[in-house]
Amino acid sequence: MEDAHSFVIDFDNIRGQGFFAVFDGHAGKHAAEWCGNHFHEVGILYCLSNPLIFFGTVSARSHPRVTQLSDS
């Protein structure tokens with residue numbers, strides 16, 4: 001199992017707002033590394049289009065798009 005992590009300081013250019021995550025390697029090293037590098041990019045699109053949504057819901061709804069992008 002290969003884990004990856006992500007930390008983005010000043011997430012979405014908002015000073016003091018951060019994105020921090022650990023991605024387990026259950027789907028393989030490539031998937032964990034891709035998510036570590038790109039998941040926040042997909043997540044922010046959902047946040048911006050649904051500003052009142054809980055981030056846990058954003059994470060779940062981002063999964064199909066992340067899968068599609070990481071497979072290409």
- Pseudo-spin-label distance residue 59 to residue 26, built 7 Å along Cα→Cβ, given in nm, is 1.2
- Fewest first, what order do 62, 72, 6 take by the number of other Cβ atoms within 10 Å? 72, 6, 62
- Taking the Cα atoms only, what angle lies between the long axis of helix 55-71 and the longest principal axis of the chain, rounded to 10 degrees? 40
- Query: Under the classification rounded if a/c is under 1.5, otherwise prolate if a/b is larger than b/c and oblate if not, where does the chain fall, given a ≥ b ≥ c as square roots of the Cα gyration tensor eigenvalues?
  - Reply: oblate
- Note on the structure: Ordered by number, the chymotrypsin sites (Phe, Trp or Tyr not before Pro) in segment 1-54 that occupy a DSSP loop and have at most 11 other Cβ atoms within 10 Å are 54
- Kindly state, to the nearest 0.05, the FRET efficiency for residue 72 paired with residue 52, given R0 = 35 Å and r defined as their beta-carbon distance. 0.70
- So, over other residues within a Cβ distance under 12 Å of residue 29, counting Lys, Arg +1 and Asp, Glu -1, the net charge is -4
- Item | Separation of the residue 10 and residue 41 label points, Cα + 7 Å toward Cβ, nm | 2.0
- For the chain, built as a Gaussian network whose Cα springs stay under 10 Å, the top-fluctuating residue of 14, 44, 53: 14
- In degrees, nearest 10, the alpha-carbon axis of helix 29-49 is tilted away from the dominant principal axis of the alpha carbons of the chain by 20
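Every number in this text was worked out from the coordinates using simple rules, so none of it is lab data. Bear in mind that the values here come from a model prediction, so they are computed numbers and not experimental data. Here the Cβ is made from the backbone with ideal geometry for all residues, glycine too, and neighbour counts use every protein chain on show.
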